[in-house]
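Structure first, commentary second.
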Amino acid sequence: MFSKSEKIVRKTKKYCIKTTYAYPLTIKSGKGCYIQDHVGEWYLDFNTNVSSCNIGYFHPEIQEILGKYSKLGAHKIAGQDFYTEEQADLAEKLVKITPKELEKVFLINSGAEAVENAIKFAFRKKGPIPGVGCYRGFHGRTLGALTFTNSKAVQKKNFPEISHNSIQFCTSDDDPNIGQFEDLIDREGPPAFVLVECVQGEGGYRPASKKFIKTIRKVSKKYDFPLIIDEIQSGLGRTGKLWSFEHYGVNPDIIASAKSLQVGATITSKKYDPDEEGAVSSTWGGGHRIDMAVGLKTIEIIEKENLVENSAKMGKYTMKRLDEIKENYPEHIIDVRGLGLMIGVEFKDKRKRDFVVNECFKNGLLVLGCGFKTIRFAPPLIITPKEIDKGLEIFESAVKVS
Ligand SMILES: Cc1ncc(COP(=O)(O)O)c(C=O)c1O
C-alpha cells in the first residue's frame with residue numbers, strides 16, 4: 001500500500017512533465033516556519049518555497065483575506081482589461097516602497113514575465129539591439145528571460161536566443177573583470193539594457209561585489225541605457241534590506257519582482273514606461289485578486305512586524321553558526337556567504353551537497369541546492385534563534401555523515 005504522499009508523487013510522475021523536484025515532499029499545510037506533508041510529518045522550512053513565502057505559513061491576516069474572497073466570487077478576473085481595486089492598491093504600494101524615480105507598475109503572473117516585460121520596456125525605448133546579462137545569472141524560463149539565464153546548460157539546450165552579450169558576474173572588488181563592461185561597449189556600442197541580480201540566486205547564492213554593481217550603474221548612466229535589477233528571489237526583505245540593491249547604494253531604472261510578492265511585477269521609471277495603449281497587457285494581470293491582495297498584505301506584514309530587521313539580525317546569527325560548522329568540517333564545506341537570510345553554503349563537491357540536502361529532508365529540515373554544489377539557506381523572515389538552532393543541528397548532523 002502506498003501512502004498518500006507516495007500516491008501523489010507517483011501520479012505527478014505519470015501525468016506531469018518532468019521539472020525540478022528536489023525530494024518527495026508533498027505539501028498539505030503549513031504553520032509558522034513549518035510545512036506538513038500528507039502523512040502528517042512536519043518539516044522545518046529553510047527554503048520557504050524558494051523564497052516565496054517570506055512571512056511563513058498560516059498568518060492570521062492572510063487567512064482572513066482568503067476567507068473574505070471565498071464569499072465574493074469573481075476572484076479570477078481579466079485584471080488588465082477591467083479595473084480592480086487590488087491591482088491599483090498593490091501598484092500604489094510598490095511605488096511607495098521603491099526609489100522615487102520608479103513611478104509605474106505592470107503586474108503579471110510570474111517572475112519570468114516580470115523580467116520579460118522589463119526587457120520589453122527597454123527594447124521599446126532603445127530598439128532591438130542586444131541586451132547584456134551576466135554569466136551564472138537566472139532570470140526565468142520564458143524565451144526572452146531564458147536568453148539571459150546562464151545558470152545551467154540543461155535550461156537552454158536547443159532553445160533559440162535573442163541577440164545579447166554576457167559579462168562575468170564579479171563577487172570581489174579586486175576582480176579585473178569589473179572593467180569588462182565598458183570594454184564591451186567600446187567594441188560593440190551601448191546595449192539596450194543590462195540585467196543583473198545583486199545576489200545571484202539559482203547561480204549559487206553569490207552576492208555581487210559593491211564595485212561591480214556601482215560600475216554597472218555608472219556605465220549605464222554614462223551611455224544612457226537602463227539598469228534592470230532582478231529582485232525576484234532577493235527582494236522584499238530576504239537580504240536584510242527590503243531590496244537587495246539597497247546594500248549597493250544604487251537605484252535601478254527598472255525592477256523585476258515576484259516570488260514573495262505572490263505575483264510578478266515590473267516596476268519602472270517614467271522614462272521606460274511604454275505609455276501606449278495595447279503595448280503590453282495580459283488576461284490575468286497580477287494572477288488573480290486574491291494573489292494581489294495577499295501580496296499587498298505580505299508587504300504590510302513585513303513592515304508591521306519589522307521582518308526586514310529580523311532578516312538582517314537572524315541572517316547574522318545564522319551566518320555565525322554556519323561559519324562555526326564550516327570550521328568544524330573544512331573537509332566538506334568550502335565557503336559560507338550571503339546577505340541577510342539569503343545564505344549559501346558551498347560544498348567540496350556536488351555529491352556531498354546532494355547527500356546533505358537529502359539527509360536533511362529525511363530528518364525534517366527542508367533545504368535546496370543552487371549553483372553547482374551549494375545549499376541555500378532562505379528560511380521565512382519570521383524565524384527565531386531557537387528555530388535556526390534546531391535547523392542547523394539537523395544540518396550539522398547531515399554534514400557530519402556526508
Ligand atoms: C532571480 C530570479 N529571476 C527570475 C525567476 C523566475 O521566476 P518564476 O519562476 O516565477 O518565473 C527566478 C525563479 O527562481 C529567480 O530566482
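Here are 50, 39: which of them is away from the ligand (no atom under 16 Å from the Cβ), aliphatic (A, V, I, L, M) and not assigned by TED's automatic domain parsing to the domain that holds residue 284?
On the way: 50 fails: away from the ligand (no atom under 16 Å from the Cβ).
After ruling out the rest, the residue left standing is 39.
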Original post:
Do we find a residue being outside the structural domain of residue 310 (by TED's automatic domain parsing) and either closer than 30 Å to residue 394 by Cα or free of Cβ contacts under 8 Å to residues at least 12 places away in the same chain (or both) anywhere in the stretch 75-83?
Top reply: yes
Original post:
For residues in the stretch 141-167 being at pLDDT 95 or above and touching an Asp or Glu at 6+ places or on another chain (Cβ under 7 Å), which is surrounded by the most Cβ atoms within 10 Å (Cβ to Cβ)?
Top reply: 145
Subject >> Residue list for the stretch 364-402, restricted to those being in contact with a helix residue (DSSP H, G or I) (Cβ under 9 Å, 6 or more places away or on another chain) and among the basic types (Lys, Arg) >> reply: 373, 376, 400
Original post:
If we keep just the residues of the stretch 228-284 that are more than 16 Å from the ligand (Cβ to nearest atom) and of a type in the set (Asp, Glu), which is most open to solvent (accessible area, probe 1.4 Å)?
Top reply: 277
Original post:
What helices (runs of 4 or more DSSP H) lie completely within the stretch 1-104 and have 1 or more residues being on the phi > 0 side of the Ramachandran plot?
Top reply: 48-51
Subject >> Qualifying positions in the stretch 44-96 - under 23 Å from residue 382 (Cβ atoms), open to solvent by 40 Å² or more (accessible area, probe 1.4 Å) and more than 23 Å from the chain's Cα centre (by Cα) >> reply: 60, 61, 63, 64, 66, 68
**OP:** Could you grab the pairs with beta carbons closer than 9 Å, sequence gap of 6+ or different chains, first residue in the stretch 172-191 and open to solvent by 50 Å² or more (accessible area, probe 1.4 Å), second one of a type in the set (S, T, N, Q) and not in a helix (DSSP H, G or I)?
**Re:** 173/209; 174/209; 177/168; 188/165
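Which residues, counting only those in the stretch 149-193, are of a type in the set (D, E, K, R) and within 16 Å of the ligand (Cβ to nearest atom)? Give the steps one after another, and end with the answer.
Looking only at the stretch 149-193, we keep the residues that are of a type in the set (D, E, K, R), and these are 152, 156-157, 161, 173-175, 182-183, 186-188.
Hits for the stretch 149-193 are 152, 156.
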Subject >> Tally of residues being more than 20 Å from residue 210 (Cα to Cα) and either in contact with a strand residue (DSSP E or B) (Cβ under 8 Å, 6 or more places away or on another chain) or open to solvent by 40 Å² or more (accessible area, probe 1.4 Å) (or both) across the stretch 297-354 >> reply: 33
Subject >> Any hit, the stretch 137-148, residues being assigned to a loop (DSSP other than H, G, I, E, B), within 16 Å of the ligand (Cβ to nearest atom), within 30 Å of residue 301 (Cβ to Cβ) and among the charged types (D, E, K, R) >> reply: yes
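The values are calculated or read from the model by the stated rules, or taken from the named source; none is laboratory data. Predicted model, so just to flag it, every value in this text is computed and none were measured. Ideal geometry is used to build each Cβ from the backbone, glycine not excepted, and the neighbour counts take in all protein chains shown. Accessible surface areas use protein heavy atoms only, side chains included; no ligands, DNA or RNA. Shrake-Rupley method; radii C 1.70, N 1.55, O 1.52, S 1.80 Å.
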